[in-house]
Number of protein chains: 2
Amino acid sequence: MKDIQRKKIDFSRINAVAQGILIGLIAGTIVSVFRLLISHGLLLVQWYFRQANHHVWLLGVWILISVLLTLLIGRWIKQTPEIKGSGIPQVEGQLMGEVEYQWWPVLWKKFFGGVLAIGSGLFLGREGPSIQLGATVGQGFAASRKISGNKRRILIASGASAGLSAAFNAPIASSLFILEEVYHNFSTMVWITALASAIAADFVSTFFFGLTPVLHITYVHALPLAQYGWLILLGLLLGLFGRLYQLVVLRVSSWYHKFKWLPDQYNSLIAFLLLIPVGLFLPQILGGGNQLIVSIGGQAPGIIVLLIVFVVRFVYSMMAYGTGLPGGIFLPILTLGAVLGALFGQILVAMHLASANLVPIFTITAMAGYFAGISKAPFTSILLITEMVGTLHHLMPLAVVSLIAYLTVDVLGGTPVYAAMLENSLHKAHQGSSLPVTQLEFPVFENAIMDGKQIRDIEWPDGTLLVEIKRGERVIVPHGDTVIHLGDTLLLNVPQSKLSHIRHKMKNLTGE
Amino acid sequence: MKDIQRKKIDFSRINAVAQGILIGLIAGTIVSVFRLLISHGLLLVQWYFRQANHHVWLLGVWILISVLLTLLIGRWIKQTPEIKGSGIPQVEGQLMGEVEYQWWPVLWKKFFGGVLAIGSGLFLGREGPSIQLGATVGQGFAASRKISGNKRRILIASGASAGLSAAFNAPIASSLFILEEVYHNFSTMVWITALASAIAADFVSTFFFGLTPVLHITYVHALPLAQYGWLILLGLLLGLFGRLYQLVVLRVSSWYHKFKWLPDQYNSLIAFLLLIPVGLFLPQILGGGNQLIVSIGGQAPGIIVLLIVFVVRFVYSMMAYGTGLPGGIFLPILTLGAVLGALFGQILVAMHLASANLVPIFTITAMAGYFAGISKAPFTSILLITEMVGTLHHLMPLAVVSLIAYLTVDVLGGTPVYAAMLENSLHKAHQGSSLPVTQLEFPVFENAIMDGKQIRDIEWPDGTLLVEIKRGERVIVPHGDTVIHLGDTLLLNVPQSKLSHIRHKMKNLTGE
């Protein structure tokens, strides 16, 4: 009996891995083609603007193309708003059970919308869309096999990790990103399936793009321990700029909203038109930024140039993201980080505080630090940059900078940017769906308002019901006079429609 | 109000990180000294046996030393049985709330016991003991500050990750190991604290031992995609041998038990005495195995030599572990894996199926695969070997071999070895403590016996109480006639004293 039992289990796990691999192969192929089209699109646009320097009438054609692109993608955005932006918040919402959408329209509209928007030279990244493309492949697979519930979630997560893996050739960090930032959980089944999927996708994309890491920066020096002080300062600065980035990026789409004469879905027209001066004068900095990172890593430009690049890329990447075009902020963030790091290094060099051969280390670590702060996923950042740059020499500096940038953003009150974007979009949707009640757990922290209070004296959010209190190993059935203690975990029934509102209120009460 | 709230939170997270760093520095120092003493002890023993080849009377002295060591460490083991063996199961049990012990006696006895046992040349590893040393530092820190509950758990976990990090100079993989294999959880607070602690410990150990990776194998070739077929075969073989390892290692201490004339705590006498022939004829393979791995990685010996080394190390490492001496199996497993990989490579070379310059890749990937299979922590394995070897070139081969070895062990019914060891030791202890009732969740899987049955028809394990059923987003209050469905999650009240027994029974019922 027991033996039969066992054999069945084994097949279920192998089965999951096999499904993961299949999804990885499909997602890997789709994302590789996506990536290929984008990089060719970018080369075409750069060539186009070089020509336009000599033939001014080409700018007229660009304006025409801008209008057409805006109308086309704007229509898709209007029909299928889930394709907007990065895609990571949508996948996150889907895995948390807060968002639900049809997979097929999202898949093809995100694909073509992403190719057009990102390949146009706008400062958008391919990684968020790749994650969403992968996730919809997983979702479609689940739909075709009528798989639902937890198993479906695993397939969606696997697809997401495959998508990122194919976009960046970083299978380990990709699986981890999905677990750390998107899935928020950690079970062997998810772990293994996501990893298998990511590896399969990486194989496919290796066939397309070869074995060279995406951000290959050849640099073999290790940072002397005596120089680690600078990393702390760098981490602090990245944290500050990271928080600034968060503040702007979460507001920028509402600024567009002020152009009353332009329907929201056509905001991209502004971005396309404003791209013209950059295309004419700085064509080499167009796009997500991977080429730029590699070139800065190889030979950092002077301070003034770096400053200009930073300001232009900061403003333009916000502008591009704010339009709602299907494109991500991941790679643009890494690019900004690299520019900041190089700037930091060049300033130290100019002040004779560090030698010039250390600049690439600051460039590399700043990428990780900036992303760690903004996304608040430090572990993933470290591994991701390690895999993308392709060397382990910088693991310790990466870890130090990432940790400090993360803590700095945390002190400044920053929350993980993708979760904040999700919350934003849920607020906007005013979802009043009639989904059934769900249960959430809230730990009571040291600084909780409710610590030491009786249940009847606490202002619970509307519509919630306290089901039970876990205290250490015990479970307490709550009464009006039960006193809440620090360290308790509260289990609440919460109406699905008010999820984010209640989460927010409970955060205040429990002091998280 | 909200602002004040926020500021408090920030300090709590920074506070945790600061505590993590402090624990990391202390644990890093202790483990570095531990490591230093062991490596000097090993050199001394190797020198001693070389002398004994010329002066046979030295063997008499060795026997005398063996008796003294056996009596001394045996006494410690008797007084403080928690210092036995690897230490990882104990830490795991502590974090799961199933084991509790005094930190100070464990700290100093494990330290000196470990130095004597591992430094003697027995085939034991330093990493498990390092984890436990680190964990007791965290525990001691918590005791001195009167920190309890979840916060104490975080400090213990941080110490554990610091210990491993200092033992292997692998901060990233160490934090991950603690989360994947020991803590089984994944909250930002633990994550960050463990990482900070691991980094601090790595800094300290870098001061002691320099920046060179522990298993530095210089090898820059990447495996051609066409050769990946061999990796699948290698993964399968490693899975088979891994399962064999599990079967033996979980039984070996009971075999010792059959020597009725020798009290259990003095079993080590046998191991010390049987070490003599190895010391005389193969002194270079003594110890945990890191030197051996580096030498095989540089230049693999012939097939016959590798076969002999494998058999000797397999038998002797079992023998050493079975004595209950304070020493781990982690590094010995890696060593066996490296030998198997080199053997696999050399056989392929002899059969003209692969070129000789690929042997190091098989050696490196087999380490990861063997450990991934036995510990069932594939993700950690991949990162650990990557960090320990110090190059990213092998990430994909590592991932493929680890995943396949993991799945093979899984199909063969193997469970994670450290968890199995913990269960073993809990069975032995026949713990009948009066700890209060705890709650456990059991998902109902596809192949569950209980799927489709009414609650009253199911043979629940004695002493359990089904508290609620989670079905999708709903929570059902169970009655006798409620039918259990695939996909449900059951919440059970379970008496602490029967935890592992009930877990086992429920596994059969729910089909996990």
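Evaluate the following for B:GLN439: is it in a loop (DSSP other than H, G, I, E, B) and modelled with pLDDT under 75?
It is false that B:GLN439 is in a loop (DSSP other than H, G, I, E, B) and modelled with pLDDT under 75.
Among the candidates B:ALA320, B:ALA372, B:ALA366, B:ALA338, which residue alone is surrounded by 24 or more Cβ atoms within 10 Å (Cβ to Cβ), closer than 30 Å to B:LYS109 by Cβ and not assigned by TED's automatic domain parsing to the domain that holds B:HIS40?
Values: B:ALA372 fails: closer than 30 Å to B:LYS109 by Cβ; B:ALA366 fails: closer than 30 Å to B:LYS109 by Cβ; B:ALA338 fails: closer than 30 Å to B:LYS109 by Cβ.
It is B:ALA320.
Consider A:VAL315 carefully, then state whether it is without any contact (Cβ under 8 Å) to a residue 12 or more places away in the chain, surrounded by fewer than 24 Cβ atoms within 10 Å (Cβ to Cβ) and under 26 Å from A:VAL417 (Cα atoms).
Working: without any contact (Cβ under 8 Å) to a residue 12 or more places away in the chain: yes; surrounded by fewer than 24 Cβ atoms within 10 Å (Cβ to Cβ): yes; under 26 Å from A:VAL417 (Cα atoms): yes.
Yes.
Before we move on, is B:VAL204 open to solvent by 10 Å² or more (accessible area, probe 1.4 Å) and either in contact with a Leu (Cβ under 8 Å, 6 or more places away or on another chain) or touching a residue at least 24 places away in the same chain (Cβ under 8 Å) (or both)? Steps first, please.
Values: open to solvent by 10 Å² or more (accessible area, probe 1.4 Å): yes; either in contact with a Leu (Cβ under 8 Å, 6 or more places away or on another chain) or touching a residue at least 24 places away in the same chain (Cβ under 8 Å) (or both): yes.
For B:VAL204, the condition - open to solvent by 10 Å² or more (accessible area, probe 1.4 Å) and either in contact with a Leu (Cβ under 8 Å, 6 or more places away or on another chain) or touching a residue at least 24 places away in the same chain (Cβ under 8 Å) (or both) - is met.
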Tell me whether region A:41-63 contains one or more residues that are more than 30 Å from B:VAL411 (Cα to Cα), open to solvent by less than 40 Å² (accessible area, probe 1.4 Å) and not in a helix (DSSP H, G or I).
no
The lone exception for B:PHE209 - which of (1) within 14 Å of chain A (Cβ to nearest Cβ); (2) open to solvent by less than 30 Å² (accessible area, probe 1.4 Å) it fails
(2)
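Does B:GLY463 fit the bill of being at pLDDT 65 or above, more than 24 Å from B:GLN90 (Cα to Cα), open to solvent by 30 Å² or more (accessible area, probe 1.4 Å) and within 34 Å of the chain's Cα centre (by Cα)?
On the way: at pLDDT 65 or above: yes; more than 24 Å from B:GLN90 (Cα to Cα): yes; open to solvent by 30 Å² or more (accessible area, probe 1.4 Å): yes; within 34 Å of the chain's Cα centre (by Cα): yes.
Yes: the conditions hold for B:GLY463.
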Contact list please: Cβ distance under 6 Å, first residue in region A:91-113 and in a helix (DSSP H, G or I), second residue basic (Lys, Arg), pairs at least six apart or on different chains.
A:LEU95/A:ARG153
For the structure I just gave you, tell me whether A:LEU275 is among the aliphatic types (A, V, I, L, M), at pLDDT 85 or above and assigned by TED's automatic domain parsing to the domain that holds A:HIS393.
yes
Test: B:GLY114 is in the same structural domain as B:LEU59 (by TED's automatic domain parsing) and surrounded by fewer than 17 Cβ atoms within 10 Å (Cβ to Cβ)
no
Is it true that some residue in region B:152-172 is free of Cβ contacts under 8 Å to residues at least 24 places away in the same chain and part of a helix (DSSP H, G or I)?
yes
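Out of A:ALA198, A:ALA222, I need the residue that is open to solvent by less than 10 Å² (accessible area, probe 1.4 Å) and aliphatic (A, V, I, L, M). Which one?
Values: A:ALA222 fails: open to solvent by less than 10 Å² (accessible area, probe 1.4 Å).
The conditions single out A:ALA198.
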Kindly provide the set of residues from region A:26-40 that are within 18 Å of A:GLY113 (Cα to Cα) and either aromatic (Phe, Trp, Tyr) or open to solvent by less than 20 Å² (accessible area, probe 1.4 Å) (or both), ordered by number.
A:ALA27, A:VAL31, A:SER32, A:PHE34, A:ILE38
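In the set A:PHE168, A:PHE123, A:PHE177, which member is crowded, with 24+ Cβ neighbours inside 10 Å, within 14 Å of chain B (Cβ to nearest Cβ) and out of contact with any Asp or Glu (no Cβ under 7 Å at 6 or more places or on another chain)?
Working: A:PHE168 fails: out of contact with any Asp or Glu (no Cβ under 7 Å at 6 or more places or on another chain); A:PHE123 fails: within 14 Å of chain B (Cβ to nearest Cβ).
Within the list A:PHE168, A:PHE123, A:PHE177, the selection yields A:PHE177.
The values are calculated or read from the model by the stated rules, or taken from the named source; none is laboratory data. What you are looking at is a predicted structure, and each value in this text was computed from that prediction instead of being measured. Backbone-built Cβ (ideal geometry, glycine too); neighbour counts: all protein chains shown. Accessible surface is based on the protein model in full, side chains and every heavy atom, while ligands, DNA and RNA are left aside. Shrake-Rupley method; radii C 1.70, N 1.55, O 1.52, S 1.80 Å.
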